[in-house]
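Read-outs: derived from the displayed coordinates by stated rules, not from any lab. Everything numeric here is computed off the predicted structure, so don't read it as measured data. Quick reminder, even Gly has a Cβ in these numbers, built from the backbone with ideal geometry, and neighbours come from all protein chains shown.
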Amino acid sequence: MSLIPYALSRAALFRMDPEAAHDFTIDMLARTQNTLLACAYSQPRVEDPVTLAGLHFPNRVGMAAGLDKNARCIDGLGAMGFGFVEVGTVTPLPQPGNPKPRMFRLPAANALINRMGFNNDGLDAFIANVRRATFRQKNGTPMLLGLNIGKNAATPIERATDDYLIGLACVYPHADYVTINISSPNTKNLRALQSDEALDGLLGAIAAKREQLAQQHGKRVTVFVKIAPDLDEEQVNVIAATLLRHGMDGVIATNTTLSREAVQGLEHAAEAGGLSGAPVLEASNRVIHQLRAALGRDYPIIGVGGILSAADALSKIEAGADLVQIYTGLIYQGPELVKQAALAIKNKR
């Protein structure tokens with residue numbers, strides 16, 4: 001158990017501007033990971049191993065992409081008991097993201113809205129940080145590392161595939177799995193890549209590039225695709241068929257939502273950007289259920305969106321997910337949520 005109750009940390013952090021609190025937390029984790037000070041947030045990992053998509057996950061609870069965009073805190077996040085940690089989204093070139101303010105809390109709904117816009121330091125800095133992480137050198141079964149890639153805002157959507165292929169080639173040697181992020185609502189036209197023809201072209205190019213990289217590096221790295229919750233059943237079925245056609249190893253469902261139905265009337269509810277947290281749970285679970293029906297029993301699905309409790313994590317598994325990821329729930333509930341969710345899933349099976 002971590003030494004400092006998260007309720008105390010949260011009270012202080014929630015008095016800060018949301019993005020300032022985020023930056024402070026990332027800096028703190030980066031400075032204290034692999035030191036004695038990490039005991040402030042460290043806790044034993046729940047062991048619940050599972051093999052999925054050719055990977056051996058120590059447990060079924062992961063850190064979602066978006067919190068650590070520059071891969072600065074891999075070891076610090078791992079110390080919280082996650083079975084896998086996903087960092088990014090990284091783009092080929094550094095970019096500042098959208099103008100501030102661009103992150104907003106909705107505490108009454110246990111939610112956040114962000115329009116960060118893939119702000120990151122670019123692939124070179126990202127890979128340097130990944131290489132500095134020491135989690136694979138520690139005793140026992142290491143957690144797994146996912147590297148999440150996207151396109152630069154300045155890259156025309158017609159050239160988006162170029163950015164993804166650059167990203168895939170750069171992160172490939174360092175990843176346990178790579179996530180193709182085509183579902184952020186904060187990069188103009190990005191979600192258009194989920195449409196039939198665009199997705200077919202992108203994933204066809206990704207599949208061909210992976211075959212080249214597999215021969216070059218002597219290993220085949222798992223590739224997942226992250227999709228949005230704002231999809232109807234027909235769109236989900238098209239995506240499922242395209243994933244299967246191009247041999248993608250799994251799907252992450254879902255990213256943030258553009259819907260404001262669950263937060264109408266709350267302060268900041270009208271802000272542009274993606275809504276995350278508790279209001280996304282139902283929509284995310286609906287997409288997971290539809291994916292499971294379309295993809296069959298054995299296709300890997302990672303469920304993310306709206307996990308604020310162990311019961312929420314279980315609802316993802318019951319909807320059809322094999323693994324789950326947490327982001328906003330960590331901000332509202334702290335590292336204890338990781339342990340609670342992992343234990344609940346372990347004990348339910």
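Would you calculate, for the chain, the mean residue ellipticity at 222 nm contributed by helices, counting each DSSP H stretch of 4 or more residues as -39,500 (n - 2.57) and dividing by all residues, to the nearest 500?
About -11500 deg cm²/dmol.
Rounded to the nearest whole Å³, what is the per residue volume of the convex hull around the Cα atoms of the stretch 191-349?
Each residue corresponds to 132 Å³ of Cα convex hull volume.
Looking at Q95, V221, L77, which one has the Cα that reaches farthest to the positive end of the dipole of the chain (charges on Cβ: Lys, Arg +1; Asp, Glu -1)?
Comparing the listed Cα positions along the dipole, L77 ranks first.
If N is the number of residues in the chain, what value comes out of its Cα radius of gyration divided by 2.2 N^0.38 Å? List each step's numbers first, then the result.
Numbers: Rg = 18.5 Å, N = 349, 2.2 N^0.38 = 20.4 Å.
That works out to 0.91 for the chain.
Please work out the Kirkwood hydrodynamic radius for the stretch 48-119, using every pair of different C-alpha atoms, and report it in angstroms with one decimal place.
Taking the inverse mean of 1/r over all distinct Cα pairs, the stretch 48-119 comes out at 14.3 Å.
Using unit Cβ charges (K, R positive; D, E negative) and no other charged atoms, how large, in debye to the nearest 20, is the dipole of the chain about its Cα centre?
For the chain, the charge dipole is close to 800 debye.
Using a 10 angstrom cutoff on alpha carbons, build the Gaussian network for the chain and name the most mobile of L112, L93, L147.
Largest GNM mean-square fluctuation: L93.
In whole Hz, with x marking every Gly and Pro, tabulate ³J(HN,Hα) for the stretch 171-188 from phi via Karplus 6.51 cos²θ - 1.76 cosθ + 1.60, θ = phi - 60°.
Listing the rounded values in order: 8, 3, x, 10, 9, 6, 8, 10, 10, 8, 8, 10, 10, 5, x, 9, 10, 3 Hz.
Given a Förster radius of 45 Å and the C-beta distance between H56 and E267 as r, what FRET efficiency does 1/(1 + (r/R0)^6) yield to the nearest 0.05? Present the calculation step by step, with values, prior to reporting the outcome.
Values: r = 44 Å, r/R0 = 0.98.
My answer for the efficiency is 0.50.
May I ask what percent, to the nearest 5, of DSSP beta bridges between residues of the stretch 6-348 are antiparallel?
If we restrict to bridges inside the stretch 6-348, about 30 percent are antiparallel.
Under 19 Å between alpha carbons: how many lysine pairs meet that in the stretch 6-348, if sequence neighbours fewer than 8 apart on the same chain are excluded?
Count of close lysine pairs: 16.
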